[in-house]
Structure formats: C-alpha cells, structure tokens
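Here the structure is laid out as structure tokens; the discussion comes afterwards.
The values are calculated or read from the model by the stated rules, or taken from the named source; none is laboratory data. These numbers were taken from a predicted model, which means no experiment stands behind them. Glycine gets a Cβ as well: all are built from the backbone with ideal geometry, and neighbour counts include every protein chain shown. Note: accessible area is taken over every heavy atom of the protein model, side chains too, but ligands, DNA and RNA are not part of it. Shrake-Rupley method; radii C 1.70, N 1.55, O 1.52, S 1.80 Å.
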Amino acid sequence: MISLPSYLFLSFALFIAGIAVMVARKNIIAIMLGIELILNSAALNFAAYTRFANDNIDGHLMSLFIIVIAAAEAAVGLAIVIRFFQIKETIHIDDAAQLQN
Amino acid sequence: MGANYLASLSHYVPELLACLTMFGLILIEATYKEEQKTRGFFFLSAYIGLASVLVFSAFAITKEPLSIFTNSIIIDPFSSIMKMIMVLGTLGAVLITSQSKDIDGNLKPEFVIMATGVLVGGMLLSSANNMLVLFIGIETLSILSYVLASLRKEDERSSEAGLKYSLYGGISSGIMLFGLSHIFGVLGTINFTEMASALKTIQQTDLIVLMPSFLLFFVGLGYKIACVPFHMWSPDVYEGSPLPVTTFFSIVPKVAGLAAMIRISHTFFSDPGALNVGWVGVLSIVAALTMTVGNVSAIGQRSVKRMLAYSSISHAGVMLLGVLVINEIGTRSVVFYSVAYLFMTLVAFYVVSAVADKYGNDHFERFNGLMYRYPAMAVALAVVMFSLAGIPPLSGFVAKFHIFTAVLNKNYYVLAIIAGLNSVVSLYYYLKIVRLMVLKPAESTEPISGFSLMNQGAIVALCIPVLLLGVFWEKLITLADGAKVFIQ
C-alpha cells in the first residue's frame with residue numbers, strides 16, 4: 001500500500017533534484033527542466049495531501065492550476081531562450097553575463 | 001460568508017475594467033497599420049481605461065470591506081488604496097513610454113497592453129485571500145514581466161534581462177509553491193482566514209513542518225519585492241530592460257508584493273507566539289540587509305538607472321520595516337511611503353529617460369551642468385533626489401518619519417538606528433548627481449529633444465505632489481489611516 005509518506009518522500013526527492021539541476025547545470029534548457037521538477041513536486045504534494053490527509057478538493061484544484069501555469073511559464077521562458085539563442089548563438093548560462101556590476 | 005458570484009462581480013468592477021481595457025487595447029492596436037507610428041487614439045484610450053480603473057478603485061475606499069467569490073478575494077480600503085497606487089504607477093509608466101525613444105514605436109502598444117496585464121495581476125495579489133488567487137496573481141504579474149523585460153527583441157541586454165528574470169522567477173515561484181503545499185497539508189485548507197483559525201489550535205510538532213514552509217513561502221514574496229538575499233536578479237533586470245519598463249518594475253510589482261506581504265502578516269502572524277517571533281525575526285534581518293546592501297551597492301554605480309535600481313531595493317527594505325511591526329501604524333506608514341515613492345520614482349525616471357534618449361546611455365557624466373541648460377528639470381531632479389534621501393520638508397522625509405514612528409512604537413531601536421544610518425549613506429549617491437548637475441560645466445549645448453515644453457510641464461506637475469506631501473501630509477495620512485486590513 002502506497003501511503004502519504006512515500007509520496008512526500010518522492011516529492012521531496014524531486015524538489016532536491018530540481019534545486020541540484022539548477023545549481024549544477026550550465027545549460028539554460030536544463031535549468032528550465034529543473035524549474036519544472038520543482039513545480040511538479042509541489043503539484044504532487046498538493047494531490048497527495050488531498051488524497052490522504054484532508055479530503056479538501058481545493059488541493060486538486062491547486063495541482064491543476066500549477067500544471068497549467070507551469071505550461072504558460074515554460075512557453076514564455078522558451079520563447080525568451082530562443083530569442084537569446086538567435087542573438088548570442090549559445091544557450092550556456094555563463095554567456096549571459098553582460099549585465100554585471 | 002461571501003456574496004454569491006453575480007453579487008461578487010458588482011464589487012469587482014476595477015479588475016474587470018482593467019481586463020476590459022487590456023482586451024480593448026489589443027483590438028485597437030490591431031486596427032493600426034505597420035507604418036502608422038503615432039497611435040494617438042491608442043494612448044488616449046489607454047489613459048481613459050486606466051483612469052476609469054482609478055476612479056472605480058477610489059469609489060471602493062469608502063465602502064464597507066467585504067469578501068467576495070466565496071471568500072477568496074477581499075475588497076477592503078487597504079487593497080483599494082494599494083490598487084490606486086498601482087494604477088497611478090501604470091499611468092505614469094505609460095506616459096513615459098509615449099515620450100520615450102527607448103522602446104520602438106511599434107512596440108509601445110505592446111508595452112501598454114502587457115503593463116495593463118501586470119496591473120491586473122497586481123490587483124489580484126493585493127486582495128488575495130487564498131493560496132490559489134495569490135499564486136495566480138504572482139504568476140500573472142511575473143509571466144508578463146518576463147516578456148516586458150525582453151521587450152527590445154533585437155537587443156542583447158534586453159533579452160538577457162528577460163532570461164534572468166524568467167529563470168529566477170520560475171525558481172522562486174516553485175520554491176514558494178513547495179512551501180505552500182506543506183502548509184496546505186498541515187492546515188488542511190487553502191483559504192487564508194481558515195488557515196489563520198487553524199493556526200490557533202496547532203500542535204507543537206506541526207510547527208516543525210510549518211516554520212520552514214512559511215520560510216519557503218516568504219522566498220516567493222520576497223523575490224517579488226526584491227529583498228536581499230533574493231535581489232540578485234533585480235539590478236540586472238532593471239538595467240537591461242528599456243527605461244519605461246524599469247520605471248514600471250520599480251513601482252507596480254513592488255507595491256503588489258508589499259500589499260500581499262502586509263495581508264499575510266496581519267492574517268497569520270498578528271497573535272503572539274512562536275510563529276510571530278519567527279516571522280518578525282526573519283523580516284527584521286531581511287529588512288536590515290535589504291536596506292544596507294541596496295545602499296552600499298548603489299554607491300559605486302556608473303549608470304544612473306542602475307543606481308536607481310539599487311536605491312529602489314533599499315526603499316523596499318525601508319517599507320519592510322513598516323510591514324514587520326504588524327499593526328495599523330505600520331500599514332498606514334507603508335501606504336504613505338508607497339505614495340511618496342511612486343511620485344519620486346516617476347519624476348526621477350522621467351528625467352533620466354529624456355537624458356538617456358539623447359545620449360544613448362545614462363552615465364552620471366551625462367547630467368553634467370544640466371542646471372545651466374534646463375534649470376527647471378535640474379531643480380525637479382534635485383528635489384526628487386533630496387526627497388529620496390529623506391531631507392525635510394519633502395515627502396520622502398515625512399514618509400521615513402512615519403516608518404520610524406511605527407518602528408519605535410514597537411521598541412525596535414536597532415532597526416531604527418540601521419535605517420537612520422542608511423539614510424545618511426544614501427545621501428552620498430543621491431547628492432552626487434545634484435553636485436554634477438550644479439558644479440560641473442555642461443558637456444554640450446545641443447538641446448535635449450526629450451525636454452519639450454509638454455514634457456517639462458509633465459515633470460513639474462509630477463513634482464508637485466513630492467513637494468506638497470512634505471508639508472500637507474495630514475490629508476493623506478488620514479486616508480491611509482482608514483486603510484485597515486480586513487480579516488474575515
């Protein structure tokens with residue numbers, strides 16, 4: 001029987017993985033994947049808590065909205081990355097270093 | 001209980017009008033041909049639409065506070081005043097856009113449309129009473145801001161600014177959601193008022209989960225108002241974005257984030273207890289750091305725009321002082337500070353925009369001898385700089401004075417001393433520009449086209465509130481006094 005702690009452990013692992021990806025990877029697309037991991041870990045949490053802990057349907061609503069808004073954010077983010085790539089011919093995060101102190 | 005949906009809509013006129021304005025502007029923009037550059041009718045309808053939003057928000061101030069849409073949105077005098085400040089900020093940014101050369105003519109309508117969208121997000125955020133509305137508000141605000149930052153598509157710096165903004169924004173909203181999900185798990189509801197009553201009967205063991213979760217929640221909001229340590233994106237984004245966009249960013253998202261922060265502090269943390277101590281402690285450290293880091297980093301800058309970006313970080317820190325006292329005096333002082341800050345920022349950016357359009361950059365040297373070429377403009381900029389530094393008898397001083405009153409009222413002496421010292425530090429870089437304008441000879445005598453008679457009139461008109469609020473501030477403080485946060 002899969003219970004609440006298993007889900008929480010999985011989502012926490014996803015969260016840590018997302019943070020690790022963002023910190024370690026230098027590829028902008030990979031960093032955006034890390035953001036998706038974090039958002040999905042939160043969505044999973046909401047769904048799991050609704051199912052096992054408090055039967056409040058609002059949690060499912062939150063999950064749905066997170067999925068929708070993550071898609072919108074990814075769309076805008078990717079459009080900006082494409083623009084950046086067309087100008088700079090690179091998607092390495094260290095090349096985005098023109099604006100600095 | 002909240003009113004039903006149809007009845008709710010009648011209390012939701014400002015937001016609906018803002019949405020209508022946005023859609024109307026999209027349609028109007030579609031009727032223009034590519035080569036028509038002026039677009040007078042477009043801007044006229046934008047002004048009319050935003051002004052109507054302003055008027056309807058003003059009507060809501062005098063009404064009884066109530067919660068609508070099954071208690072997910074609260075319309076109270078506080079949120080209405082914050083909405084008015086945001087609308088005024090948007091109006092100012094649109095005015096600067098219509099005159100600026102930093103954004104290409106064809107892109108100006110896009111800026112106005114998306115700025116109205118960001119405004120809708122800010123309005124949602126300032127009256128949010130449940131996690132979902134808060135999240136949607138933050139994302140509406142953010143996603144459109146990413147596009148605004150990278151508005152100048154051909155420009156390397158602008159797209160880099162958009163990239164950085166979207167990466168930092170995505171990360172912080174993800175972290176915030178992770179915190180929110182655990183708060184939901186422990187308290188079992190997404191409604192703020194129900195959460196607050198659940199917090200009263202909490203077990204000690206639940207606090208182990210709740211404390212870090214609220215910290216993660218704070219990350220998301222702190223990112224929106226750009227407080228240290230989540231401020232790294234802000235100077236880069238402010239510098240890379242076109243100037244009208246920077247003006248817009250330094251007002252609307254900040255005010256919206258502060259409004260949400262005030263509502264959350266009042267709802268969850270007004271009762272003494274472990275959570276209250278933790279929240280106030282975190283806010284105190286963050287506020288002190290924000291003021292100091294913002295000011296110290298502003299000193300060495302070459303670009304006036306970047307200097308103003310850092311100074312806006314430090315002003316956010318000062319406003320956080322008004323948030324962390326969690327009482328009515330604090331709320332009142334934040335409202336007053338936001339109004340004063342709004343006008344000071346608009347004037348400063350308006351003048352910088354005209355100078356930057358002429359010379360192609362906004363380094364400090366471009367302001368040399370401005371006093372002898374455009375005395376009215378130099379005096380306006382000097383007044384604003386003095387006001388930003390907090391010198392009496394200007395509005396910036398009165399605003400800071402009220403914040404200090406709120407902090408001292410709670411006996412947070414250390415914070416007051418840090419804020420006072422920061423005021424002194426900020427004098428250095430604010431007065432640097434005044435010194436250059438007065439003491440250095442002018443670099444050239446070519447006229448600056450941005451300082452046409454109409455623009456000079458607009459700048460002087462925007463300057464008047466800065467002067468008047470420094471002397472006749474009782475009216476506004478009485479108004480702000482009525483801006484109580486309503487907790488159902």
Legend entry - Residues satisfying the stated conditions in the range B:258-274, i.e. in contact with a Phe, Trp or Tyr (Cβ under 6 Å, 6 or more places away or on another chain) and open to solvent by 10 Å² or more (accessible area, probe 1.4 Å): B:THR267
Legend entry - helices (runs of 4 or more DSSP H) fully within the range B:1-84 counting 1 or more residues that are touching a strand residue (DSSP E or B) at 6+ places or on another chain (Cβ under 8 Å), open to solvent by less than 40 Å² (accessible area, probe 1.4 Å) and of a type in the set (S, T, N, Q): B:5-10
Legend entry - Criterion violated by B:VAL133 - all others in (1) within 11 Å of chain A (Cβ to nearest Cβ); (2) aliphatic (A, V, I, L, M); (3) crowded, with 24+ Cβ neighbours inside 10 Å satisfied: (3)
Inset, instruction - Filter the range B:417-444 for residues that are farther than 30 Å from B:ASN368 by Cα and either touching a residue at least 24 places away in the same chain (Cβ under 8 Å) or outside any helix (DSSP H, G or I) (or both) and give the result. - result: B:ILE418, B:ALA419
Legend entry - Residue under evaluation B:SER142, criteria (1) within 13 Å of chain A (Cβ to nearest Cβ); (2) open to solvent by 20 Å² or more (accessible area, probe 1.4 Å); (3) touching a Lys or Arg at 6+ places or on another chain (Cβ under 9 Å), criterion not met: (2)
Inset, instruction - Filter the range B:103-144 down to residues that are of a type in the set (Ser, Thr, Tyr) and at pLDDT below 95 and give me whichever is nearest to the chain's Cα centre (by Cα). - result: B:SER126
Inset, instruction - Select, from B:SER250, B:SER241, the only residue that is among the polar types (S, T, N, Q) and either farther than 30 Å from B:PHE472 by Cβ or over 13 Å from the mean Cα position of the chain (by Cα) (or both). - result: B:SER241
Inset, instruction - Test each condition in (1) modelled with pLDDT of 90 or more; (2) on the phi > 0 side of the Ramachandran plot for B:PRO14 and report the one that comes out false. - result: (2)
Legend entry - Among (1) open to solvent by 10 Å² or more (accessible area, probe 1.4 Å); (2) in contact with a helix residue (DSSP H, G or I) (Cβ under 6 Å, 6 or more places away or on another chain), the one test that B:VAL87 misses: (1)
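A quick yes/no check of all residues on (1) hydrophobic (A, V, I, L, M, F, W, C); (2) in contact with a helix residue (DSSP H, G or I) (Cβ under 6 Å, 6 or more places away or on another chain); (3) over 25 Å from B:THR90 (Cα atoms); (4) surrounded by fewer than 20 Cβ atoms within 10 Å (Cβ to Cβ):
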residue	(1), (2), (3), (4)
B:VAL352	yes, yes, no, no
B:ALA389	yes, yes, no, no
B:SER395	no, yes, no, no
B:ASN411	no, no, yes, yes
B:VAL424	yes, no, yes, yes
B:LEU427	yes, yes, yes, yes
Inset, instruction - Give the range B:445-484 a look and list any residue that's among the small types (Gly, Ala, Ser), over 24 Å from the mean Cα position of the chain (by Cα) and part of a helix (DSSP H, G or I), or say none. - result: B:GLY457
Legend entry - Entirely in the range B:156-257, the helices (runs of 4 or more DSSP H) that have 2 or more residues that are facing chain A (nearest Cβ under 9 Å) and surrounded by fewer than 24 Cβ atoms within 10 Å (Cβ to Cβ): B:156-187
Inset, instruction - Please go through the range B:59-102 and pick out each residue that is among the β-branched types (Val, Ile, Thr) and over 21 Å from the mean Cα position of the chain (by Cα). - result: B:THR62, B:ILE68, B:THR70
Legend entry - Which listed residue, of B:ILE61, B:ILE28, is in contact with a helix residue (DSSP H, G or I) (Cβ under 8 Å, 6 or more places away or on another chain) and farther than 30 Å from B:MET131 by Cα: B:ILE28
